[in-house]
Amino acid sequence: MGKKPKSSRKGKKAWRANISTDDIDEFIEKSTKDALTGGSLAEVPNESLFFVDKSKDLSVKRKIEKHREKVLHCDSVLQRNPFVKAIPSSNDKKKSSMKNKKNKKDSTEASTSKDDATKDGESGIVDLWENEAEGDIRTRKVVKTSVIPAVEVDPPGCSYNPNFEAHQDSLAKAVAEEMQKVYQSELGPQPVPLTVQGDAIEEEEMYFLEVDNGDDEANEENEDAPEKSSSMKKMVTKVEFNRRARLKDRQKKESEAKKKAEISKEIDSLPTIIDEIAKEDEEKQKRMMRRLVAKQERLKQQPPRLGRHKFVPAPTQVLLSEEITGSLRKLKACCTLATDRFKSLEKRGLIPPSANKRRRKYNFAYELRFLAGDKVLDLYFIDDGEAEEAAGVLIDVRVEDEALRKLRLKHLEEMRTLAAHLRTYLRGRPAGNVQRSRNFCSSPSVNRADEAAAAMEEEAERKIGWLLKVIFAGTATAIGYQFFPYMDGRRMKIVELGGAQELLNMLEAAKDDRTRKAALEALAALTKSDKAAGALHKAGAIPIVQSTPSSVEEEAIDKYKTGLLKRFQDLKYDGSS
Amino acid sequence: MTKKDTAKKTVAKLKKNKHYRPAGKKREGNAARYMTRSQAIKQLQVNLSVFRKLCILKGVFPREPKKKVKGNNQTYYHVKDIAFIQHDPLLEKLREQRAYQKKIHKALAKKNEDLATRLRTREPSYTLDRLIRERYPKFVDALRDLDDCLSMVHLFAALPAVERLKINVERVHSCRRLSHEWQAYVARCHKLRKVFVSVKGIYYQAEVEGQKITWLAPHAMQQVLPDDVNFSVMLTFVEFYETLLGFVNFRLYHSISVKYPPILDPRLEALAADLYALTRYMNGNTKRISEEQESGSTKPEHTRGQLEGAQFEESEHQLPSNEDRALMHLIEEDDDNDDDEDTKKCKKLFKNMKFYLSREVPRESLLFVIPAFGGVVSWEGDAAPFTEADQSITHQIVDRPSQGHMYLSREYIQPQWIYDCINFGVILEAHRYLVGRVPPPHLSPFVDNEAEGYFPDYAETIKRFEAAAKNEVLPMPGVGKDDLDDPQLLLAEGYLSRTEAIEVAERKKERATSEKQYLEDLKQEVQGHPDATASIAVEGAQVEEESSRPHLEQVAEDTDGTALMMMSRRNRGLFKAMKIAKDKKKAKVEKLKQRKKQIAEST
C-alpha cells in the first residue's frame, strides 16, 4: 500500500463524513466471521484439512486403468509392426559408422584418460596414432601440391668451407641470377612517367583539336564525292556494255578452269598431302610432348601461377671468395632464414606468392632523397639541433647508398661531402651549445639585448639560407645582410663550409651585373668578420674582386668593390699575394 | 537440311540437359569446379585472415585450374576443398573466437576493465589434435611430412620475440623445447646420419622408422625479421607444426619407454643446457624403467614419484649422481637387438672419445651431434658434466688461433672435423684439422658423387683413407669391403641378366613366328596353287583378324552387362551395328576356310 499523495484538505473529500472506512469495516467483518467459523483456513495445517484415501475403491481404479490402456487408433498406426521391416535409410551406414566412431572415441578417450592417469599425470597429450590400424577416423586423401621437397639442401658450393670447383659453380649461378635481374631491368619496358614535360592543354583547346581533326576528314570525303558522282553520271554505250559482259564471262570461265586444274593437281598430289598431314600431326604430338615435359620441369623449379604475383626465388646464399675463411667462428652466415622458409612455402604452392615488397624500400629512399635534399640546402644555417638531425639523415643516406645510387641521385656527391663537413663541424662543437641554441629565447641568462640580437641572427640565418639555396639552384638574386654585426661565428661557418668559395666562384663566373652585385654584397657582409676576411683572402678573393668589371647601371657594385678592397687593405692583406 | 536439323539438335540438347541453363550461365567444367579466393571467403563467411588460417590448418592449398575462368591474377581453390573447410567444426570455433574478441573490445572501449579481464580468462580456444589425425592418418605420414615442421620449429626457436609481429616469448620457448626434445630423441637413438654446414644454416638428416628426415637449423646468431615475410602466415604454420611435433615426440618417447613431457632439472634449464638436461632425463628414465622391469614392484615409492610428476627433488634423486658415468652408460647399456646396421655404425663412431667444447664453437649443434654418434661431451660453463682439466678428455674442439694452456694428452681440432667424420663415417686424421690451419673443404654429404660422376679431390683422398682404415680395422680375409659388396653385386648382375634373357627370348619368338609365316607363304607360292594369291590374301586377313581378335574380345568383355546398360541409345545402336558387321566378317572368313578345306580334300 503506497502512501497516498497529500491533497488539499479544503475540498469535500477532506470532510470527516467523506473519509472512507471500507477497509476497517472489511477487517471487522472478516474477524467476526473467523471467530464464528473457528479460525481462517489459510493458517490451518494441511493434515487437518486433507487425508489420504486408503480405502480400495476397485471400480474407480479399474475405470482409470482401462482408460489408460486404451490406445488410440492414430497411435496404434504409428506403432511399429514387428512383421514389417523398416526401409533402410540411404545414409544409414554413415550414421551407424558415426555412432560406432562415437562409441569408439568415447571408449578410446576413456582408455586414454585412464592411461593418462596412470602414465602421464595431467599432461593433455595422448598418442594420436595409437589405433591407426583401425582407420576409424575419417581421413582425406591429401593432394600433393608440389614435387619440390620441403627442405631443399643447398648445393655443395654453398658450404661454409666449400670445395673450389663447387664454389665456383655456385658463385657463377648467383652472379647469373644477379645479372639476369640487371638485364631484365635494363631491357624491360620503361615505366610510364608520372609527369610529362610540356604545358598542359586546356580544355577549350582540346575541343578545338578534336574539331580540327573532324573537319579534315569531312573535307576529304567531300572531295571524293564529286568524282564518284561524275563517274556514275557517265552513260554506258551498248557496245561498251556488251564488251564488259563478255569480259566478265571469259574471266569466270578462266577462273573455273583454274580451279579445276588446281583440284586435279591436288588429287594427283594426294599422297604427298597425306604425308604432310601425317608430318604435321607428328610435329603437333612432339610439340605437345615438349610442352608437357617443359611444364613438368618448370614445376620442379617453381610453383604454378597461383595468384596475382609471380614467384620470385630467393637469392642463392653463397660466400664470396674473400669471405671463405675456413673457420666456423668467422663465418658470415645468412641471418634471414625466415625469408628462406617463407619462400619455400611459396615455392611449394602452399600459399600464393605475395608482392615483392622491395618497392617500399625504394620509396623510403625516395623520401629520404627529398628530405635530405632539403636539408642539404638548409644545412648551413639551421640551428644545431636540426643540424644534428640533418647529419643523421645524411649518415643514413650513406647507409642507403646502394639504393640511392640505383636512383641515380643527382646530389649524392654533394650530400656526401656536406655530410662529412657537417660531422666534423658537429664534433668540434661543445655539447652544451646545442641545448643553448635550442632554447634560445627562453634562456634566462641571456639579457634582452642579446635576445634581440639572437632574433636578428635567426632572421639572418633564414635569409642566408635562402640565399645559398638560390646559389645552389643557379640563380643569383640575393639580399644584403650587412646590418648584422653579431655573427662572426656564423660567418666563419659559412666560410668553413665552402660558402665563401662558392660566392667567389659565382662572382668570377657571373655574366650579369645583378649576380655580381649579389655576390659582392654577400662577400662584403662576410668580411665584416676579420677571420672570415682572412679566409677569403686565402681563397684568393682580392684579384677576383679587383677584376670584377664596374658597371654603369649598378652603382652598388662599385661601392661594394671599393668597400671590400678597403677592408682588405685595412686588414693588411695586399693585393699581390 | 540445315534449319530442321539444327532445330532438332537444339531440342535434343535441351532434352539431354535435365536442367535447362540459359546461355552464358554455364556452370560446368572449371567454372564449376574452382572458385576464387574472394568467392570462397564469401561462402565461408569469414574474413581473409581467418580464411588463411583455416586453409593452412586444414591443409587446403590453392590450385591452378586449366582454364582460369575469372582471370589470370586470381587465386583459385577447388570447390570441394572449400566444402571440406566448411564442414569443419574449427570454422565455427574461429567464428566464436572472433565474436568473443569483439566482446572484449567492447568492454575495453567502455572502460570496463573488470569485464575485459574476466572475459579474457574464459576465452574460447581450440585444439588441433583432430586435424593432425585427419591430415596424418598414420604415424609414418606424419614422419614423412616432418621436414618442414622441424625446420620451422628450429627457426622459430632462434627468432627474437617481437611483440609487433606477435611472436611471443611462449611460442619461442615452446619451439625451443620441442626442438630440443626432438634432438634428444635423435641423439639418444643414434638416428642422425648426415650433417652439412652451409651458409644458410646447418642441415641435418636423420632416419627415423625408415623415413629420411631432413631439416635446417639456423646458425647460432641473431636472426633478422625481414619485411617481405608474412609472419602471421608463418605463425599459423608454426602453431600447427608445434602440435604435430608434440605428438610425434610423444610417440617417439613412448616407443623407447620414456615419459613424454619430460621433467627437466630446473638448474640445468636455467643455465640453458636444455639438451643436456634432456639427455640426462632420458638416460635416467630408461634406466629406472629397466630397473623396475627387473625388480618388479620393489620400488613403489619411485613409481609414486613418477605419478606425482612435479616433484623435482625426487626425480633429481633418481637422476644418476655421477653424470659422467651416466653418459658413458648411455652408450654401453643399449640393447643392440633391434638396431639396424647404420645405427650400430653410428653408435660406435665416437666411442671411447671424450670431447670438450671451447667457448667459441657452436655449442648447440655439437652437443646434439656428438652424443648422437656415441661420444661424450662437455663444455665451458656452469653445470657442465666435466671440466677442461679432466685428464681423460681426448679431443678439445677449438676455433681460435691461440690457446691458453694446452694439454698434451688431447688433440686440439676444429669443429669441422666432427662434421666430416660423421659424413664419411670414419674417424679422419686430425692433423688436417688442427688449430690455425685452414681445414680441407667441407663437402656436402647430400650429393651422390657416384650418380654425379664427379669426385671432389678431398672425397677421393678420404675414400682411399677409408678403404685403408677398413682394411686395418678388419684385417680378416673375406670381410673386406669388396667381399661385402660382392653378394649385392652378384644379385644385381643376376637381376640384369635375367631381364636381358627375357627380352632376348621374346625377340627370338617374334622373329621365329614371322619367319614361319614367311616360309609358309613361300611354300604356297612355290606349290603354285591356282588360288595362291587369294589364299595368301585370306591368310593375311586371317592373321589380321586373329591379331585384332583379342582386342575386340576385350572390348566386348568390357562393354558387357553394365557397360551396355550405361551406354546411350545411340551408342548402343552403334555398338550393335559393329557387332553385326563383325559377325558377318567372321562368317565370311569361315566360309572361305571351309571352301579351302574342301578344295584341299578334293585334290
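Could you check how much of the accessible area of the range A:289-352 is carbon and sulfur, as a whole percent, using a 1.4 Å probe? Mind showing how you got there, number by number?
On the way: 1860 of 3500 Å².
Heavy-atom surface of the range A:289-352 belonging to carbon and sulfur, 1.4 Å probe: 53 percent.
Please give the contour-minus-distance gain from B:Lys102 to B:Arg437: 0.36 nm per residue of separation, less the Cα-Cα distance, rounded to one decimal in nm. Walk me through the intermediate numbers first.
Working: separation 335, 0.36 × 335 = 120.60 nm, distance 6.35 nm.
Between B:Lys102 and B:Arg437, full extension yields an extra 114.2 nm.
Answer rounded, prolate or oblate for the range B:158-203, using the Cα gyration tensor with square roots of eigenvalues a ≥ b ≥ c: rounded when a/c is under 1.5, else prolate when a/b is larger than b/c, else oblate. Can you show the working numbers first?
Working: a/c = 5.96, a/b = 1.65, b/c = 3.61.
Oblate is the answer for the range B:158-203, as a/c is 1.5 or above yet b/c matches or exceeds a/b.
Within the range B:340-363, find all residues whose amide N lies under 17 Å from a label point positioned 7 Å from the Cα of B:Glu450 along Cα-to-beta-carbon.
Under 17 Å, as judged by backbone N against the label point of B:Glu450, lie B:342 of the range B:340-363.
Could you work out how far apart the two model spin labels at A:Lys286 and A:Ile274 are, taking each label as a point 7 Å from the Cα in the direction of the beta carbon, and quote it in nm?
Reported label-point gap for A:Lys286 and A:Ile274 is 2.2 nm.
Is the range A:246-298 best put as rounded, prolate or oblate by its Cα gyration tensor, with a ≥ b ≥ c the root eigenvalues, rounded for a/c under 1.5, and otherwise prolate when a/b is larger than b/c, oblate when not? Walk me through the intermediate numbers first.
Details: a/c = 12.20, a/b = 3.04, b/c = 4.01.
Oblate, since a/c reaches 1.5 and b/c is not below a/b.
Just to confirm a number: summing +1 for Lys and Arg and -1 for Asp and Glu over residues other than B:Ala99 whose beta-carbon lies under 14 angstrom from that of B:Ala99, what do you get?
Numbers: positive: B:Lys93, B:Arg95, B:Arg98, B:Lys102, B:Lys103, B:Lys106, B:Arg122; negative: B:Glu92, B:Glu96, B:Glu123.
Once all neighbours under 14 Å are counted, the net charge is +4.
For the range B:43-132, what does the alpha-carbon gyration tensor say about shape, rounded, prolate or oblate, given a ≥ b ≥ c as the root eigenvalues, a/c under 1.5 as rounded, and a/b over b/c as prolate? Mind dumping the intermediate values first?
Working: a/c = 3.96, a/b = 2.14, b/c = 1.85.
Prolate is the answer for the range B:43-132, as a/c is 1.5 or above and a/b outweighs b/c.
Between B:Ser38 and B:Asp141, take the C-beta separation as r, use R0 = 25 Å, and let me know the FRET efficiency to the nearest 0.05.
Using R0 = 25 Å, I get an efficiency of 0.15.
Hey, with R₀ at 45 Å, roughly what FRET efficiency would A:Arg298 and B:Ser568 work out to, going by the Cβ-Cβ distance, to 0.05?
0.70
Sticking with the crude label model, points 7 Å out along Cα→Cβ, report the distance from B:Glu590 to B:Gln211 in nm, one decimal please.
6.2 nm
Given a Förster distance of 60 Å, report the FRET efficiency between A:Lys63 and B:Leu271 from their Cβ-Cβ distance, rounded to the nearest 0.05.
Values: r = 89 Å, r/R0 = 1.48.
That gives a FRET efficiency of 0.10.
Counting only residues 5 or more places away or on other chains, whose amide H sits under 5 Å from the amide H of B:Ile202 once H atoms are built in the peptide plane?
B:Ala217, B:His219
From the C-alpha gyration tensor of the range A:144-208, pull out the three semi-axes of the equivalent ellipsoid (sqrt of 5λ each), sorted largest to smallest, in whole Å. It would help to have the intermediate numbers written out before the result.
Numbers: eigenvalues 533, 68, 13 Å².
That gives 52, 18, 8 Å for the three semi-axes.
The values are calculated or read from the model by the stated rules, or taken from the named source; none is laboratory data. Since this is a predicted model, take the numbers as computed values, not measurements. Here Cβ is always computed from backbone atoms with ideal geometry, including for glycine, and neighbour counts include all displayed protein chains. When the accessible area is computed, the model is the full protein with side chains, heavy atoms only, and any ligands, DNA or RNA have been set aside. Shrake-Rupley method; radii C 1.70, N 1.55, O 1.52, S 1.80 Å.
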